[in-house]
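The values are calculated or read from the model by the stated rules, or taken from the named source; none is laboratory data. Fair warning: this is a prediction, and the values are worked out from it, not measured in the lab. Counting neighbours? That spans all protein chains shown, and the Cβs are built from the backbone with ideal geometry, glycine included. Surface accessibility is based on the protein's heavy atoms, side chains included, excluding ligands, DNA and RNA. Shrake-Rupley method; radii C 1.70, N 1.55, O 1.52, S 1.80 Å.
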There are 2 protein chains.
Amino acid sequence: MGEVIVPSPADFHVHLRQGTLAKLVTPHVRKGGFTLAYVMPNLKPPITTTAQALAYKAELEAIDPTVEYLMTLYLSPDLTPEEIVKAKNAGIAGVKSYPRGVTTNSDGGIESYEMYYPVFEAMQRVDMVLNLHGEVPSDAATNIHVLNAEPQFLPHLHSLHKAFPRLRIVLEHATTRAAIDAVKECGPNVACTITAHHLALTVDDWAGQSFNFCKPVAKFPDDRAALRQVIKEGHPRFFLGSDSAPHLLHSKSTSTPTQGCAAGIYTSPILLPLVAHLLESFDALDKLQGFASTFGRSFYHRDLNAEQTHKVVLQKISAHVVEGKYGAGEESVVPFWAGKELGWKIVAS
Amino acid sequence: MGEVIVPSPADFHVHLRQGTLAKLVTPHVRKGGFTLAYVMPNLKPPITTTAQALAYKAELEAIDPTVEYLMTLYLSPDLTPEEIVKAKNAGIAGVKSYPRGVTTNSDGGIESYEMYYPVFEAMQRVDMVLNLHGEVPSDAATNIHVLNAEPQFLPHLHSLHKAFPRLRIVLEHATTRAAIDAVKECGPNVACTITAHHLALTVDDWAGQSFNFCKPVAKFPDDRAALRQVIKEGHPRFFLGSDSAPHLLHSKSTSTPTQGCAAGIYTSPILLPLVAHLLESFDALDKLQGFASTFGRSFYHRDLNAEQTHKVVLQKISAHVVEGKYGAGEESVVPFWAGKELGWKIVAS
């Protein structure tokens, strides 16, 4: 197969940052082949109100108006059922829940869900999506660490789904076989995003290599096999959310023993060719359209008719080397797969 | 308790390197409180003959003659039963086995043990110690990765012990509960070293922090608890081998996505105070003498009488901040615990 057409590719989990960094990375959504970006709210300060979300959306549209930005709110005690109704009416698509302290700008994240039940009730009523960062915080006393933080979270997923069966929930960036199985067991209102990099990496790849370090961390080969398998099955509740998370070069490299590196892998500028390359590597290229567009659009009620669809064309090539970085000097960002070859290239977008 | 005396502290696993780096780090054995160093043979080229080992020993003695250096050979197909006899007669203490490719300069490491049985037979006969780096190489197809590489190795330990019950074997730098249990199950000829840093770290500490990255990688909180517990028990077949492994600053920091950092943590210059500090943290300070001297000396037949003993005195202090680095510029090495406080200090050595 020398060419693949993907109808209006949609990235259902992306970090577009703010200020200077937003100006650098926002255009990379389209450069990477995507016409829809589901935008995470973990800014400083976090996006907790409809007004903030709309202002942020306007900022992104001013940078690149050719992408559809679906906005989210950051779950916190300040969020009220009234704000949910307001957000829904303003076109905001979801609410993102972060466990406290596990990833970039998550210090205000949640510790227990029950206090949010009135908010979830409102979300269920107005049909807004709950996006879960599915990890519990590490705790040496109970043997919870970065490798089992996701499996340990799954009982919360089941409890939430049981308490709010009509609430649409997305378990974000699944990395384990346990998570894949848990989402499959749930009903049609529970879906799951999978990143591109978790289809490539295992723990061995981030051991001693901070550029491959992200949260959730890549797990074991058997977990990676489960992610690949569910895509190969063409399961419609598993779709792409890149979790593309740019960090400036200096915060990704570790040069001192007192400061660890930032968690995050940046895939936006090469996303569609990378996903094609990876799916081809495990014989799932025929699932690219579903995984990178239609499954997610369907779950999010964003189906398009033929007229609305923007066709992106990928062509098989012998060797396309990914750029080493974007931006200049201290303000640069290193993409995933930097300096390595991809077998696919966007020829029409 | 304000003072602890340790009789002739012995570090039964240390990397002293060669050339310029050896000149920097060899004096740190004594600086860290130790009068015996069991020296690893993974140089470039590896120490595979008696002649090389004796030349290396002379090099180390020229740098610091106040330390007793116990030398080892690197297990490889070139090693013959005849060379074992020669090595024994020259005072060489052990043979170190590296699995292929799992750590620094291990490209010539072993893949299967049966071909070495004639060598092990000779070692058993002349009473030379076999030192095992107890990990199997990662293999995605069989779900072997850096976190389970040690448990997956343990059947090899049991096979070797069964085939050569009188051969003294040391499982080096154990990091898992499974390894502790396996060594306990073996007879009196099988012992185990434990590093200082594995008493402090878990996987969360090296996730995104290359200065805490070493092989074997630090595992889960429950594994760390097992290492601490066996020391607290005062089990005489578990003793200190620091695996202190200096790497120059530039090879520990990750500044590009194509080059991972070197595996290794450097503890030599602060070793005895660090071990005291850590043992105190889990109420095992009363086991310091056994863990850092007598247990290992006894297993290696290096007991000392009162006259031969060199007493090292540690004093409890309020705050001693560990140096940020040793050496200058590109030639510098960052120690473990850099910039952090230790509660113990050597006052007589």
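Probing with 1.4 Å while keeping every protein chain in the model, the per residue accessible area of the stretch A:11-264 equals 33 Å². Using Cα-Cα distances under 8 Å and only pairs 6 or more residues apart, what relative contact order does chain B have, in percent? Relative contact order of chain B: 19 percent.
Suppose every K and R has +1 on its Cβ and every D and E has -1 on its Cβ; what is the size of the dipole of chain A about the Cα centre, in Debye to the nearest 20?
On the way: 31 positive and 35 negative charges, 82 e Å.
With only Lys, Arg, Asp and Glu charged at Cβ, the dipole is about 400 debye.
Contact order normalised by length for the stretch B:242-349, with contacts defined as Cα pairs under 8 Å and 6 or more residues apart; what percent is it?
Details: 140 pairs, mean separation 34.6, N = 108.
Contact order relative to length: 32 percent.
Does chain A come out rounded, prolate or oblate by the C-alpha gyration tensor, with a ≥ b ≥ c the root eigenvalues, rounded set by a/c under 1.5 and, if not, prolate when a/b is larger than b/c and oblate if not? Note, shape of chain A comes out rounded. Computed from backbone phi, the HN-Hα couplings of the stretch A:310-316 come to 10, 7, 10, 10, 9, 10, 5 Hz, rounded to whole numbers (Karplus: 6.51 cos²θ - 1.76 cosθ + 1.60, θ = phi - 60°; Gly and Pro given as x). The residue list B:309, B:72, B:62 was ranked by how far each Cα lies along the charge dipole of the protein assembly as shown toward its positive end, using unit charges on Cβ atoms, and B:62 comes out on top. Comparing A:97, A:244, A:159, which has the greatest mean-square fluctuation in the GNM of chain A with Cα pairs linked when under 10 Å apart? Among A:97, A:244, A:159, the largest mean-square fluctuation in the Gaussian network model of chain A belongs to A:159. Entry note, the protein assembly as shown: the mean residue ellipticity at 222 nm calculated from DSSP H runs of n ≥ 4, each adding -39500 (n - 2.57), is -8500 deg cm²/dmol after division by the residues and rounding to the nearest 500.
Only protein chains counted, 1.4 angstrom probe. Which residues of the stretch B:140-158 are at least 10 Å² less accessible in the assembly than when their chain is isolated? Correct list: B:140, B:143, B:145, B:146, B:147.
Roughly how much accessible area, to the nearest 100 Å², goes out of reach of solvent when B and A pair up, both sides summed, probe 1.4 Å?
Details: alone 13790 and 13770 Å², together 25110 Å².
Chain pair B/A: roughly 2400 Å² of buried accessible area.
Which of the three applies to the protein assembly as shown, rounded, prolate or oblate, going by the alpha-carbon gyration tensor with a ≥ b ≥ c and a/c under 1.5 meaning rounded? Write down the numbers at each step before the final one.
On the way: a/c = 2.27, a/b = 2.00, b/c = 1.14.
Here the protein assembly as shown falls in the prolate category.
Shortest first, residue A:118 label-point distances to identical copies amount to 8.2 nm, with the label point at 7 Å from Cα along Cα→Cβ. Here residue A:326 sits with roughly 20 square angstrom of accessible surface, probe radius 1.4 Å.
The same position residue A:82 in the other copies lies at 9.3 nm from this copy, comparing label points 7 Å beyond Cα toward the beta-carbon, shortest first. Solvent-accessible area assigned to carbon and sulfur over the protein assembly as shown amounts to 51 percent, based on a 1.4 Å probe. Panel note: contact residues of the stretch B:253-278 (accessible area lowered by at least 50 Å² against the chain on its own; 1.4 Å probe) correspond to B:254, B:257.
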